[in-house]
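Peer 1: Below you will find the structure I want to go over with you.
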Amino acid sequence: MFRLAFLLLIYGASLGAASIYLAVTTINDELPQDLSELLDYQPNRKSVVLSSDGEEVGAFSIENRRIIALERMPPHVPAAFLSAEDRRFYKHKGFDLLGIARAAWTNFRSDGAIKQGGSTITQQIIKQTLLVGEEEVGALGLSPPEYEKLRKSLKYRRKMKELILAVRLERELTKAQILSIYLNHIYLGHGAYGVGAAAQTYFGKEVEDLTVAEAAMLAGLVASPTKYAPHRNMALARERQKYVLGHMREDQYLSDAEYQAALAEPISLVDESDLNHLASPYFVETIRQIATKKYGNHDLFKGGLKFYSTLDTRMQMAAENALRRGLEGLDRRLGFRGPIGTLAQSLRGTWTGGPAHPLTGASDDTGALADQLLPEQRYGAMIVDLPKSGLGVTVDLGPKRLPLADVDAKDVRAFRRDKTGEPVKLGDLLPVRLAADGVSVTLAQRPVLQGAMVVIEPSTGRVRAIVGGYDWTGSQFNRATQAKRQVGSSIKPFIYAAALESGKTPVERMTDGPFSVTTATGVWTPANYDNKYMGSVTLMTALAFSLNTISVQLVVSFGLDRLIEVLRGFGVQSPIPRHISISLGTPDLTLLEIAAGYAGIASGGRRVTPRFYDLVTDNTGRVVDDLRDQPLGPQVISPEVAYVTINLMKGVVQRGTARYASTLGRPAAGKTGTSANYRDVWFTGFTADLLAAVWIGRDDSTPIGDKITGGGVAVPIWVEFMQKAHPRTAIRDFPVPPNVSFARVEPWSGDPAGVSADPGAAVWMPFVRGTQPSRFLSGPQIRSFDDLVPPPTLPTPAVKCASLTCL
């Protein structure tokens, strides 16, 4: 009997071993023969956009992942994950029999419910990389019991594959390599893959700065990223964190004191509303569009590219604020449109003394809450007082009550609803913003108008800021790069440049009066903006006051084809109709095209190609694209013609339609533009260091309003931006190229002015050498320009700090 039992045991063990061997070899034949996908681990990586000062302003990704070397992680970070998921990691060879047995016993005691898993970290990596989709079942026409049976079969088969591959992986990689892959691959909720992305997503910090308590909370997310998400349920997250910390103490990663300290440590989370925040969204979206065409979606969304952009965050913020304030100010001039909502009597008590209500979305939703009032933010405010005597209005913002500015209160009290004729009433909600003094508020309606701004370094083409609309959340359409609008008089500097190149001079006189041109469709007679004429004028006066008839005469003199050639030379790619009406700015161009063209004039007559990034590297740091040393663009007009054109454009600022721009206090040149029927207004102006272009209009191309011009609307926005964001360089004029000569000129008549003339009644006018009229060639020889015209008075330089204490 003993001999028989012994033989049966031997034969049974042999049969079992043979069966296992057959199963393993059969399943192993279905598995990949090499593990290169893991041996050369290259997960999807997000591409990032960095500003010029190194700040991350945007990202493109399918998976939010940041690869962090294991050596960079504090020891308590991997320790937390080992204690939570695989306490015998350094003892097993891929799978853990003791762990499987322990999990089976725990689940058996819980009435069969799955309470604990037995998979090791190595097995989890295999499941999430090589065996993704192994248990998926398609439509096979089976009954529910048959489907369930098939699923169980596939699950057991996947488990066998998982065990085999885990053993193979442990033979190929070290424990440190496996742990590094795991910590960079595991999904931790809120779109974060790996501890690097999770540290930023939940705590807004780098992995190196994670505390023990924060590491334990992240490790606790592996079991169920949704269930234990601290943003969703902090109590459950804390419970799971305590479980992880307890294991860390048992595994001797923590002392009792460290365990107690971690339990008591407060957890500070990044505001969930900031998780998807995108700085400079129009700029980042423009880079995405360019990069998609150049590198493709795969490299952009999975390749971990790094774009070192040309964005200046200080200029970007100044541009956004200036455009926003300008649009709101213009909108106020067009009238108060009424309350944005009304609170029922029963809800007013909860508003008073509660949180602030920042306005969000295109519909001015007041559902968002905030615990403080910020100067630049728009808020919903409830009318709480409308005194019968006087015109005052008091509003409640939640945290505090403040009076509405007098001028706004007057408009609010005068408002009447269209259908009923009723005035505003208590409980009505107004859109407001804190006034500069902080003790009152001003109306801040969401404008019905839109606008855009482009800021460029003329000498390099580096785009320093771009704003494509009033608010990205309300509209993602980029009006700076995508909207093609009628440019109006903004086209005139190109016309005058072509005229100067053809031999015209700034002091040449032409007649501003009725002028007709015969076209294929009849006789066309253009008129000036105000239907008035100035008679005989010089070209410098004609451009300064944007006289339409002179522009048409100039184009007739040198030909349409040359004007189109100049525009194309400066990079304009939009369609340009071959019709004389283009002399008044009928082509529909983008703001970026106009800005690039003006930058070409400002940089000496060469084409300037706008660029949004200087450098692109891949995830290893290898340079993919380097635009920092791009060759200069082709010469479109000569440097001397460009300089004389710039001087004419300075006249627009000094005494023409953009006089308000002279308040900048620096030599500046530019040109306003207003399209037909006041549908679009423009101003593009520049100094020797920086160019900014502004456009204002309606998306449906209806008129903005009567007598709304570029000089009255766009120029103030430009000035506000330049005053806040212009580089703090020394005040300097535009550099003078060779082949330019100067003459003293009376600015209105264009006649020569003696060297002793009143400086206020005469200017130094540049000419392309050899084009000075004969009347300027007589008189005493000028030996020194500096001797005749004193240099401008420079501002007193700021006192330099001798130490950090005076910063």
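The values are calculated or read from the model by the stated rules, or taken from the named source; none is laboratory data. Because the structure is predicted, anything quoted here is derived from the model rather than measured. In this analysis, Cβ positions are derived from the backbone assuming ideal geometry, glycine residues included, and neighbour counts consider all displayed protein chains. Protein only, heavy atoms only, side chains kept; ligands, DNA and RNA dropped before computing areas. Shrake-Rupley method; radii C 1.70, N 1.55, O 1.52, S 1.80 Å.
Peer 1: Can you tell me which of (1) open to solvent by 10 Å² or more (accessible area, probe 1.4 Å); (2) touching a residue at least 12 places away in the same chain (Cβ under 8 Å); (3) in a helix (DSSP H, G or I) is the one ALA409 doesn't meet?
Peer 2: (1)
Peer 1: A further question follows. So GLU422 passes all but one of these: (1) open to solvent by 60 Å² or more (accessible area, probe 1.4 Å); (2) under 24 Å from LEU334 (Cβ atoms); (3) at pLDDT below 90. Which condition number does it fail?
Peer 2: (3)
Peer 1: Do any residues in region 628-647 that are modelled with pLDDT under 95 have Cβ atoms under 7 Å from those of residues that are of a type in the set (Lys, Arg), where the two are at least six apart or on different chains, and which pairs are they?
Peer 2: From residues that are modelled with pLDDT under 95, the pairs are LEU632/ARG606; GLY633/ARG606; GLY633/ARG607.
The rows are residues; the columns are (1) more than 19 Å from THR674 (Cα to Cα); (2) open to solvent by 20 Å² or more (accessible area, probe 1.4 Å); (3) of a type in the set (Phe, Trp, Tyr); (4) in contact with a Cys (Cβ under 9 Å, 6 or more places away or on another chain).
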residue: THR586; (1), (2), (3), (4): no, yes, no, no
residue: ARG606; (1), (2), (3), (4): yes, yes, no, no
residue: ASN619; (1), (2), (3), (4): yes, yes, no, no
residue: ASP626; (1), (2), (3), (4): yes, yes, no, no
residue: LEU632; (1), (2), (3), (4): yes, yes, no, no
residue: ASN647; (1), (2), (3), (4): yes, yes, no, no
residue: VAL652; (1), (2), (3), (4): no, no, no, no
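Peer 1: A further question follows. Could you count how many residues in region 327-340 are open to solvent by 20 Å² or more (accessible area, probe 1.4 Å) and either at pLDDT 95 or above or not aliphatic (A, V, I, L, M) (or both)?
Peer 2: Looking only at region 327-340, we keep the residues that are open to solvent by 20 Å² or more (accessible area, probe 1.4 Å), and these are 329, 332-337, 339-340.
Then keep just the ones that are either at pLDDT 95 or above or not aliphatic (A, V, I, L, M) (or both); that gives 329, 332-333, 335-337, 339.
Looking only at that region, the number is 7.
Peer 1: Right, another one. I'm told LEU664 meets every condition in (1) more than 30 Å from the chain's Cα centre (by Cα); (2) crowded, with 16+ Cβ neighbours inside 10 Å; (3) more than 27 Å from ASP588 (Cβ to Cβ) except one. Can you identify the failing condition by its number?
Peer 2: Here LEU664 clears every test but (1).
Peer 1: Tell me which of these ASP385 doesn't satisfy, since it passes every other one: (1) in contact with a Ser or Thr (Cβ under 7 Å, 6 or more places away or on another chain); (2) surrounded by 18 or more Cβ atoms within 10 Å (Cβ to Cβ).
Peer 2: Status for ASP385: all satisfied but (2).
Peer 1: Another question about this same structure. Name every residue in region 190-206 that is of a type in the set (A, V, I, L, M, F, W, C) and buried (at least 24 other Cβ atoms within 10 Å of the Cβ), in order of residue number.
Peer 2: As a first pass, look at region 190-206 and keep what is of a type in the set (A, V, I, L, M, F, W, C): 192, 195, 197-199, 203.
Passing the criteria: ALA192, VAL195, ALA197, ALA198, ALA199.
Peer 1: Moving to a separate point now. Determine the pairs where a residue that is open to solvent by 80 Å² or more (accessible area, probe 1.4 Å), located within region 514-539, has a partner that is among the aromatic types (Phe, Trp, Tyr) and assigned to a loop (DSSP other than H, G, I, E, B) with Cβ atoms under 8 Å apart, the partner being 6 or more residues away or on another chain.
Peer 2: PRO514/TYR533; MET534/PHE545
Peer 1: Considering only region 348-383, how many residues are among the basic types (Lys, Arg) and closer than 22 Å to ASP437 by Cβ? Before the answer, list the steps.
Peer 2: As a first pass, look at region 348-383 and keep what is among the basic types (Lys, Arg): 348, 378.
Going one step further and asking which of them are closer than 22 Å to ASP437 by Cβ, we end up with 378.
Selection size over region 348-383: 1.
Peer 1: Quick check on region 165-178. Is at least one of its residues crowded, with 17+ Cβ neighbours inside 10 Å and in a loop (DSSP other than H, G, I, E, B)?
Peer 2: yes
Peer 1: Within region 44-70, track down each residue that is more than 14 Å from ASN619 (Cα to Cα) and of a type in the set (Phe, Trp, Tyr).
Peer 2: none
Peer 1: When both residues are 6+ apart or on different chains and their Cβ atoms are under 7 Å apart, which pairs have a first residue that lies in region 247-267 and is within 15 Å of HIS76 (Cβ to Cβ) and open to solvent by less than 80 Å² (accessible area, probe 1.4 Å), and a second that is among the hydroxyl-bearing types (Ser, Thr, Tyr) and not in a loop (DSSP other than H, G, I, E, B)?
Peer 2: Every condition considered, the pairs that remain are HIS247/SER83; MET248/SER83; ASP251/SER83.
Peer 1: So, one more: Would you call THR518 within 26 Å of MET765 (Cβ to Cβ) and among the β-branched types (Val, Ile, Thr)?
Peer 2: Numbers: within 26 Å of MET765 (Cβ to Cβ): no; among the β-branched types (Val, Ile, Thr): yes.
So THR518 does not fit the description; no.
Let's see how each residue does on (1) touching a helix residue (DSSP H, G or I) at 6+ places or on another chain (Cβ under 9 Å); (2) within 30 Å of PRO447 (Cα to Cα); (3) open to solvent by less than 10 Å² (accessible area, probe 1.4 Å):
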{"position": "ILE704", "(1), (2), (3)": "yes, yes, yes"}
{"position": "THR709", "(1), (2), (3)": "yes, yes, no"}
{"position": "GLU720", "(1), (2), (3)": "yes, yes, no"}
{"position": "ALA725", "(1), (2), (3)": "yes, yes, yes"}
{"position": "PRO738", "(1), (2), (3)": "yes, no, no"}
{"position": "TRP748", "(1), (2), (3)": "yes, no, no"}
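Peer 1: Would a scan of region 365-380 turn up a residue that is open to solvent by less than 20 Å² (accessible area, probe 1.4 Å), at pLDDT 90 or above and either out of contact with any His (no Cβ under 8 Å at 6 or more places or on another chain) or of a type in the set (Val, Ile, Thr) (or both)? Please lay out each step first, then the result.
Peer 2: From region 365-380, those open to solvent by less than 20 Å² (accessible area, probe 1.4 Å) are 378-380; that's our starting set.
The next check asks that each one be at pLDDT 90 or above; those that pass are 379-380.
Among the residues that remain, those that are also either out of contact with any His (no Cβ under 8 Å at 6 or more places or on another chain) or of a type in the set (Val, Ile, Thr) (or both) are: none.
Scanning region 365-380 turns up no residue that is open to solvent by less than 20 Å² (accessible area, probe 1.4 Å), at pLDDT 90 or above and either out of contact with any His (no Cβ under 8 Å at 6 or more places or on another chain) or of a type in the set (Val, Ile, Thr) (or both).
Peer 1: Provide a single number: the residues in region 667-687 that are of a type outside the set (S, T, N, Q), under 20 Å from LEU589 (Cα atoms) and open to solvent by less than 10 Å² (accessible area, probe 1.4 Å).
Peer 2: Counting residues in region 667-687 that are of a type outside the set (S, T, N, Q), under 20 Å from LEU589 (Cα atoms) and open to solvent by less than 10 Å² (accessible area, probe 1.4 Å) gives 9.
Peer 1: Please list, ordered by first then second residue, the pairs with beta carbon atoms under 6 Å, 6 or more apart or interchain, first in region 684-707 and over 25 Å from PRO727 (Cα atoms) and aliphatic (A, V, I, L, M), second surrounded by fewer than 24 Cβ atoms within 10 Å (Cβ to Cβ) and modelled with pLDDT under 95.
Peer 2: ILE704/TYR678
Peer 1: So, in region 293-323, exactly how many residues are open to solvent by less than 60 Å² (accessible area, probe 1.4 Å), at pLDDT below 90 and either of a type in the set (A, V, I, L, M, F, W, C) or farther than 19 Å from TYR613 by Cα (or both)?
Peer 2: Of the residues in region 293-323, 2 are open to solvent by less than 60 Å² (accessible area, probe 1.4 Å), at pLDDT below 90 and either of a type in the set (A, V, I, L, M, F, W, C) or farther than 19 Å from TYR613 by Cα (or both).
Peer 1: Checking LEU690 against (1) within 29 Å of ASP530 (Cα to Cα); (2) buried (at least 22 other Cβ atoms within 10 Å of the Cβ), which single condition isn't satisfied?
Peer 2: (1)
Peer 1: Any chance you could count how many residues in region 434-446 are under 14 Å from ARG401 (Cα atoms) and open to solvent by 10 Å² or more (accessible area, probe 1.4 Å)?
Peer 2: Start the filter on region 434-446 by keeping residues that are under 14 Å from ARG401 (Cα atoms), which leaves 434-435, 438-442.
In the following step, the residues that additionally are open to solvent by 10 Å² or more (accessible area, probe 1.4 Å) were identified as 434-435, 438-440, 442.
Qualifying residue count for the region: 6.
Peer 1: Can you spot a residue in region 186-197 that is of a type in the set (Gly, Ala, Ser) and without any contact (Cβ under 8 Å) to a residue 60 or more places away in the chain? Reasoning before the result, please.
Peer 2: Of region 186-197, the ones of a type in the set (Gly, Ala, Ser) are 189, 191-192, 194, 196-197.
From what is left, the residues that are without any contact (Cβ under 8 Å) to a residue 60 or more places away in the chain are 189.
Yes, region 186-197 contains at least one residue that is of a type in the set (Gly, Ala, Ser) and without any contact (Cβ under 8 Å) to a residue 60 or more places away in the chain.
Peer 1: Continuing with the same structure: Please determine, by comparing only the residues of region 447-469 that are open to solvent by 10 Å² or more (accessible area, probe 1.4 Å) and β-branched (Val, Ile, Thr), which one is modelled with the lowest pLDDT. Write out each step before concluding.
Peer 2: Initially, region 447-469 is screened for residues open to solvent by 10 Å² or more (accessible area, probe 1.4 Å), giving 447-448, 450, 457, 459-460, 462, 464.
In the following step, the residues that additionally are β-branched (Val, Ile, Thr) were identified as 448, 460.
Details: VAL448: 89, THR460: 94.
Per the stated criteria, the residue is VAL448.
Peer 1: Taking the criterion of being closer than 30 Å to VAL624 by Cα, touching an Asp or Glu at 6+ places or on another chain (Cβ under 9 Å) and among the hydroxyl-bearing types (Ser, Thr, Tyr), would at least one residue in region 300-308 satisfy it?
Peer 2: Yes: region 300-308 contains one or more residues that are closer than 30 Å to VAL624 by Cα, touching an Asp or Glu at 6+ places or on another chain (Cβ under 9 Å) and among the hydroxyl-bearing types (Ser, Thr, Tyr).
Peer 1: Something else about it: Count, please, the residues in region 412-438 that happen to be in a loop (DSSP other than H, G, I, E, B) and within 21 Å of ARG348 (Cα to Cα).
Peer 2: Filtering region 412-438 for residues in a loop (DSSP other than H, G, I, E, B) gives 415-427, 435-438.
Checking which are within 21 Å of ARG348 (Cα to Cα) leaves us with 422-427.
Of the residues in that region, 6 qualify.
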